[in-house]
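Structure, as structure tokens:
Computed from the coordinates by the stated procedures, all read-outs in this text should not be read as laboratory data. These figures come from a predicted structure and were not determined experimentally. Every residue, glycine as well, gets a Cβ built from its backbone with ideal geometry; the counts of neighbours run over all protein chains shown.
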Amino acid sequence: MSIMVFSTDVIANKVFVCGGVPDKQDQSKQLDSIEWLKTAMCPLNGKCRKGKDGLASGQGTDASQVKAALDLAASFAALKLNRVVIYKCSF
């Protein structure tokens, strides 16, 4: 299962994001962790760096846009995988 986690510091107005895509599933090959994270970082005014084994992380400087980043990440994954299960949190 692919996953993306957002952590916010509202006082510092920063967001930390981690994403992971497993290599073992054939359908997951359609979703690239770097491409997915870069898309999610756009509303956060952030940058990402590549990790290892399908992992990526990044930081953004606009915590007020977390909802937009979550929606964008979910839409991107749904488009690439043709389906996605989303558990949304309320803020």
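Quick notes on this structure:
- Spin-label pair C42-N82: with each label point 7 Å from Cα along the Cα-Cβ axis, the two points sit 2.4 nm from one another.
- Fully extending the segment from S7 to D53 would add 14.4 nm, taking 0.36 nm per residue of separation and subtracting the current Cα-Cα distance.
- Charge tally around P43: other residues with Cβ under 15 Å, Lys/Arg +1 each, Asp/Glu -1 each, net +2.
- Radius 11 Å from Cβ of F76, net charge of other residues (Lys, Arg +1; Asp, Glu -1): -1
- Pair A68, K14: separation of 7 Å Cα→Cβ label points (nm): 2.1
- Lysine-lysine proximity count for the range 3-81, Cα under 19 Å, sequence distance 8 or more or distinct chains: 16
- Principal axis dimensions, the range 1-76 - Cα atoms, whole angstrom, descending: 40, 23, 16
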